[in-house]
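Let me begin by presenting the structure, written as structure tokens, before commenting on it.
The values are calculated or read from the model by the stated rules, or taken from the named source; none is laboratory data. Predicted, not measured: the structure shown is a model, and the values here were computed from it. Note that each Cβ is placed from the backbone with ideal geometry, even for glycine, and that neighbours are counted across all protein chains shown.
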Amino acid sequence: MLFGVVGLNFRTAPIEIREKLSFGNDEICSALGLLRAKEEVLECFILSTCNRVEIYALLRESRLGLFEDFFRDFHKFEGNLSGIIYHKQNLEAVRHLCYVASGLDSMIIGESQIFGQIKDAYAKAQKCGTAGYAFDHLMAQVFSTVKKIRSKTKIGQSNVSVSYSAVKLAKGVFNEIENRCVLILGAGEMGELTVRNLISSGVSNVMVANRTFTRAVELADKFKGTAVMLHEIREYVPKADIVISSIATPDYVIKKTDVEEILKRRNREPLFIVDISVPRSIDPDCTNVEMCHLYNIDDLKAFSNTNLHLRNIESKKAKEIIESKIGDMYSYIQSHDIIPTMISIRTRAEEIRKTCIESMKLAEDQRSGVDSLTKNIVNKVLHHSESKFRDYTNTIRTSR
């Protein structure tokens, strides 16, 4: 039995590769289905964000290489993956999952958005039927550990999110941004976070465009901005000094020829664009247009050193919390195949307990006390038995 992760991230692959191997929301279920159909795969989920693409899986045998083949086949990728794809298994894979979920493995250490992205990825796997007993328990422990890290450390308290870094870049191009006009492409979480940071920096003139116009209206109303139709953005970009794009589209929403025309209409006033989409939504060739300042998600690495000293101290505390938990997480994963049996025993024990109470002639106040007492007894006995059962099973596996 093997728990493993295979993937790539901002450290191992540039955005040009990540965007080719990423999974769109409409592709996830199909990809999960193909993975689960493989005989070796018991459970799996896919995490695909702007900074990483990872497959987490529980396997019958140690064959993580099949996922590298899956990346190639699904995306019809013919490039060289040597040094780009990483493989982690068992305890190291559990540790990696905790690091990712808590923001310790992020481009900007401690950012909190990844926690929501992992929860969404896992929920997607549940919906698609590729997450079962083992992942249900593992992810509950991971989520609990991340919440403990957030409450016991200050790792997430500094304004070092990707969206915050985008705002800092804008301030680097313009001396002040209070009177600048901002156009946000994409009304998802990243777009909303960016709007919040812009407003906190004094920006009041905000336009929002999105594939779903009602969502653009909803977000624009929230921040007293203006919603615009996505197909009309070429009419509005000339009015914007700053463009922040986090939109998912099959093609570039702004191309080099568009920017050339836009800058003419702006009388060569600078245009600042940050493309935090993966795959990218702004034509990279726009960087070759004079007075166009285009940055992508990888360019934000320069801002990951913000509050580095504080985050390094808090990172050590977070890692200590993770190390105190991952042993139990991995032990449970190892014994995943006995989980249905333990659930069956627990279910039967609960049925017997309730039947015995119902057969007793008890007053209502007595029934409540007996119910609580017997429930505690059953839980303690079963918890002890389950722990011994898992220890015995893991010992047998280790000795083989």
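So that you can scan it fast, the table gives a plain yes or no per residue for (1) touching a helix residue (DSSP H, G or I) at 6+ places or on another chain (Cβ under 6 Å); (2) at pLDDT 85 or above:
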residue	(1), (2)
K255	no, yes
E260	no, yes
F272	yes, yes
P279	yes, yes
K301	no, no
T306	no, no
L310	no, no
Show the residue pairs that are 6+ apart or on different chains and have beta-carbon atoms under 6 Å apart, the first residue being within the stretch 243-267 and of a type in the set (K, R), the second being in a loop (DSSP other than H, G, I, E, B). K255/D283; K256/D283
Residues being within 26 Å of R196 (Cβ to Cβ), over 29 Å from the mean Cα position of the chain (by Cα) and not aromatic (F, W, Y): count how many of those fall in the stretch 236-261. 5
Residue count, the stretch 213-233 (criterion: of a type in the set (K, R) and part of a helix (DSSP H, G or I)): 2
Listed residues K154, K148; which is farther than 19 Å from S331 by Cβ, surrounded by fewer than 20 Cβ atoms within 10 Å (Cβ to Cβ) and not hydroxyl-bearing (S, T, Y)? K154
Among the residues of the stretch 192-203, are any loosely packed, with under 15 Cβ neighbours inside 10 Å, touching a helix residue (DSSP H, G or I) at 6+ places or on another chain (Cβ under 9 Å) and over 20 Å from P270 (Cβ atoms)? yes
Can you say whether G186 is touching a residue at least 60 places away in the same chain (Cβ under 8 Å) and within 25 Å of Q117 (Cβ to Cβ), as far as the supplied structure shows? yes
So which residues in the stretch 34-65 are assigned to a helix (DSSP H, G or I) and modelled with pLDDT under 90, if there are any at all? G65
Quick one: would you say V208 is under 25 Å from the mean Cα position of the chain (by Cα) and crowded, with 18+ Cβ neighbours inside 10 Å? yes
Restricting the stretch 55-85 to residues that are crowded, with 17+ Cβ neighbours inside 10 Å and in contact with a Ser or Thr (Cβ under 8 Å, 6 or more places away or on another chain), which is nearest to K325 (Cα to Cα)? I85
Considering only the stretch 1-26, state which residues are charged (D, E, K, R) and either without any contact (Cβ under 8 Å) to a residue 40 or more places away in the chain or crowded, with 22+ Cβ neighbours inside 10 Å (or both). R11, E16, R18, D26
Condition met for L138 (assigned to a helix (DSSP H, G or I), in contact (Cβ under 8 Å) with a residue 12 or more places away in the chain, in the same structural domain as K239 (by TED's automatic domain parsing) and closer than 26 Å to V53 by Cα): no
Could you say which residue among N9, N25 is under 16 Å from the mean Cα position of the chain (by Cα), at pLDDT below 90 and not hydroxyl-bearing (S, T, Y)? N25
